[in-house]
1. Let a ≥ b ≥ c be the square roots of the eigenvalues of the Cα gyration tensor of the chain; is it rounded (a/c under 1.5), or, if not, prolate (a/b larger than b/c) or oblate?
2. What is the spread of the Cα atoms of segment 136-275 along each of their three principal axes, largest first, in whole Å?
3. Take K169 and E21, extend 7 Å from each Cα along the Cα→Cβ direction, and tell me the distance between the two endpoints in nm.
4. Hey, any idea what Rg/Rh is for segment 1-111, computing Rh the Kirkwood way over Cα pairs?
5. Counting Lys and Arg as +1 and Asp and Glu as -1, each charge on the Cβ, what is the dipole of segment 123-209 about the Cα centre in debye, to the nearest 20?
6. Would you mind computing, in nm to one decimal, how far apart the modelled labels at D219 and K5 are, each placed 7 Å from Cα along Cα→Cβ?
7. Taking a ≥ b ≥ c as the square roots of the eigenvalues of the Cα gyration tensor of segment 217-341, is the shape rounded (a/c under 1.5), prolate (a/b larger than b/c) or oblate?
8. Where does each of T312, T336 land when they are ranked from fewest to most other beta-carbon atoms within 10 angstrom?
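Read-outs: derived from the displayed coordinates by stated rules, not from any lab. Because the structure is predicted, anything quoted here is derived from the model rather than measured. With ideal geometry, Cβ positions are generated from the backbone for all residues, glycine too; neighbour counts draw on all protein chains shown.
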Amino acid sequence: MSLKKVPFFEYSRLWLDDKKEFLSIIDNVSSKGAFIMQDAVKDFELELSNYAGSKYSVGVGNATDGMEIFLEAIGINSGDEIIISSHTMLATASAIKFSGGIPIPVDIGEDGLINIDAIESAISKNTVGIMPTQLNGRICNMSAILAIAKKNRLFIVEDAAQALGARYKGQHAGTFGIASAISFFPAKVLGCLGDAGGVIVNDKDMYHKIYQIHDHGRDIDGLVKRWGRNSRLDNIQAAILSYKLKSYSDVISRRRELAQRYQDQLGSLEELKLPPQPSIVSDNFDVYQNYELQADRRDDLQSFLSKKNIGTLIQWGGTAVHQFTTLGFKQKLPNTERFFEHCIMLPMNVFISNNDVDYICESIIQFYRR
Ligand SMILES: Cc1ncc(COP(=O)(O)O)c(C=O)c1O
C-alpha cells in the first residue's frame, strides 16, 4: 500500500482550486488593459484598510519593500538603531539596513515572539524605534511594547507580514504603530499568485509620503513631490486579493480548527511544546500563519516524517537573524539559539484535510512511542 502524502504547502493548489475564478479575473483586468494603478488596486486598498481597521493602505510590490518604504517615510538617519526580534525573516533587518538604520536583533521568549525584557536591555542612546514581528499569525505583547516605546520616546512600526487578521485585545495586527507591512506571498494566509504586499497606516501625512515613495515620488494627483521608486501592486494581483479577501474569515476559522485538531492529538506529548491553542481565552486571536512547535530530537522527527511523506519546514532555513554572522551580527541570544535547535513547522493551510492532520499526529506519536 502506498503511503499517504501531505506536502508542507502545495503551491499548485493555490491556482487549481480557484482556476475558473482566477481566469475570469485575469481576463477582466487584461481585457480592459488596466494593468497598473487602476481601479482594482484602489478597490483592494480600500477593502484592506476596512478589513484591517486602518484609515489607509497602500498596495506595494512585497512586504519587504513596504517596510523599507515606511521607514524611508519616517526618515531614518545613519546610525539610528531599530530593535527587532531575532526570530523573524532577514527581510525585517534588511529593510532597516536599506533605509539607512541599524537592525538590533534581540532575544525571544518561550512563545518565539520578541522578549519584552530583551527590548528594554537593548535600548541605547541611538535607538529610535521598535519593529516587532507578529510571528506565525500571533501578535506580541503590544501593551508592554507600547509602554516601553512611550517611556523611551521610540516609534513603533510592525512587521505584520504574517499576521493579517490577527488581533490583540481586539485590535488588529498592523495598527499599533506608525505603519506596518503585510505580505501576500503565495504561502501567506492571504496569498496571491506571486509577490505582493500592503502597507497599513493611519496618519494622513504618513500615508501620502508612503504613497509617493511607492510610485516614483508621485502623489495621488500625479504630481511629483519627492524622490520615489517603483514598488506598486499589480492590478491582476490586487483583483485576485479582493476576491480572496471575501472568504478570508473562513480561511482563518479553518486554520484555527486545524490548530485545535493538532492540539487535541499532540497536547499530551511531553516531548513537544505546541503553540498556544485557539480555544483558550486570552488577549490574542491568532490566525496561524504557521504551526510552529518545539520538538525533542527535532532532526530525527523531521526525517521520520519525511519518510512518511509528510512535509515539514524549519523557519528561515534554521538561521535566526543574529546568526547571519557574515552580515556582521555578533550577539549571542541563548533563548533563540535553544528555540532554533528544536523548532519545526507542520503543514498548516486550507489544502490539508482533517484526515491529513490525523495522519501527521499518528506519525508523530508513533515516532515518540517507538
Ligand atoms: C515575518 C516576515 N517578514 C517579512 C517577510 C517578507 O515578505 P515579502 O516576501 O512579501 O517581502 C516575510 C515573508 O515571508 C515574513 O514572514
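1. Oblate is the answer for the chain, as a/c is 1.5 or above yet b/c matches or exceeds a/b.
2. Per principal axis, max minus min of the Cα coordinates gives 61, 44, 24 Å.
3. Label at K169, label at E21, 3.6 nm between them.
4. 1.10
5. Numbers: 10 positive and 5 negative charges, 78 e Å.
It works out to roughly 380 debye.
6. 5.5
7. Taking the square roots of the gyration eigenvalues as a ≥ b ≥ c, segment 217-341 is oblate.
8. Listed from fewest to most nearby Cβ atoms, that is T312, T336.
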